[in-house]
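**Q** Sharing a structure with you now.
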Amino acid sequence: MQLLLQASFNKTYNSFEEDRQRREVFIENRNKIARFNQEYGDGRHTFVLKMNQYGDLLNHEFGRLINGFNRTNDGTGPERKNSAYIAAANVAVPTHVDWREVGAVSPVKRQGMCGACYAFSAAGAIEGQTFRKTGRLVELSPQNLIDCTKSYSNKGCASGVMEYSYEYVRDNRGIDTEQFYPYEGTDAQECRYRHDGYGAHVTGNKLEIISNVW
């Protein structure tokens, strides 16, 4: 199985010792997946797990490579212009909402080794709120946010903040679609936004707030 992992994802190791260590990690992760899926069969979970290209990594190694969220509370970012949320009176709120069931969530993306989870989160939130407004699900471009929000204190593939991404889309009066501005998994390019690739717009951070009401 580990040989299949290496062949499928072009993985190579620098030494016999590293190969041995990765094999041990892979076996441990494979066993965790098997136990979890057994619990799924017993009704303890609502989803199953499968092996992927990260199966030879420890949790902290995966986190170091992938996680790119950076909560900034020190006031060094751009001036905030958040809208204030006022709850509507006499509104019956459901106990839960699964946005997948109504078609408001785009397919799972493969982020790769670029730590830009903030860009995927922001694009996904705007997709969902645009669906609520228009009834149409349009996949938006995280790469647009990676490339174009560095002047808003985001750091490309190193880390970033969702709120800064919303502010860019608002100021820019748009974000491109994924089809027009596809994901590359790198921050080496300059901003290439073009309005003819427009997919959605943000008028204020009210979109972000609404997405967390239910």
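One line per residue, one yes/no per condition, for (1) within 25 Å of E61 (Cα to Cα); (2) surrounded by fewer than 22 Cβ atoms within 10 Å (Cβ to Cβ); (3) in contact with a Lys or Arg (Cβ under 9 Å, 6 or more places away or on another chain):
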{"residue": "Q111", "(1), (2), (3)": "yes, yes, no"}
{"residue": "G115", "(1), (2), (3)": "yes, no, yes"}
{"residue": "A122", "(1), (2), (3)": "yes, no, no"}
{"residue": "I126", "(1), (2), (3)": "no, no, no"}
{"residue": "K133", "(1), (2), (3)": "no, yes, no"}
{"residue": "V138", "(1), (2), (3)": "no, yes, no"}
{"residue": "Q143", "(1), (2), (3)": "yes, no, yes"}
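**Q** Another question, then. Would you pick out the residues in region 67-109 that are aromatic (F, W, Y), out of contact with any Cys (no Cβ under 7 Å at 6 or more places or on another chain) and modelled with pLDDT under 85?
**A** Correct list: Y85 only.
**Q** Output the number of the condition that L137 fails; it satisfies all remaining conditions of (1) within 18 Å of Q111 (Cα to Cα); (2) under 18 Å from the mean Cα position of the chain (by Cα).
**A** Going through (1) within 18 Å of Q111 (Cα to Cα); (2) under 18 Å from the mean Cα position of the chain (by Cα) one by one, L137 breaks only (1).
To keep it simple, each residue is scored yes or no on (1) exposed (fewer than 15 other Cβ atoms within 10 Å of the Cβ); (2) modelled with pLDDT under 95; (3) of a type in the set (A, V, I, L, M, F, W, C).
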residue: D176; (1), (2), (3): no, no, no
residue: F180; (1), (2), (3): no, no, yes
residue: Y183; (1), (2), (3): no, no, no
residue: E190; (1), (2), (3): yes, no, no
residue: D196; (1), (2), (3): yes, yes, no
residue: G199; (1), (2), (3): no, no, no
residue: I210; (1), (2), (3): no, yes, yes
residue: W214; (1), (2), (3): yes, yes, yes
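**Q** So which helices (runs of 4 or more DSSP H) stay within region 85-184 end to end and still have 2 or more residues that are free of Cβ contacts under 8 Å to residues at least 12 places away in the same chain?
**A** 117-134
**Q** A follow-up question, please. Output the number of residues of region 18-64 satisfying the condition of being assigned to a loop (DSSP other than H, G, I, E, B) and either touching a His at 6+ places or on another chain (Cβ under 6 Å) or farther than 24 Å from G115 by Cα (or both). If you could, list the steps in order and put the result at the bottom.
**A** Let us first name the residues in region 18-64 that are assigned to a loop (DSSP other than H, G, I, E, B), namely 42-58.
Adding the requirement that they be either touching a His at 6+ places or on another chain (Cβ under 6 Å) or farther than 24 Å from G115 by Cα (or both) leaves 42-48.
Summing the residues that are assigned to a loop (DSSP other than H, G, I, E, B) and either touching a His at 6+ places or on another chain (Cβ under 6 Å) or farther than 24 Å from G115 by Cα (or both) in region 18-64 gives 7.
The values are calculated or read from the model by the stated rules, or taken from the named source; none is laboratory data. In this text the structure is predicted, and so the values were computed from the model without any measurement. Here Cβ is always computed from backbone atoms with ideal geometry, including for glycine, and neighbour counts include all displayed protein chains.
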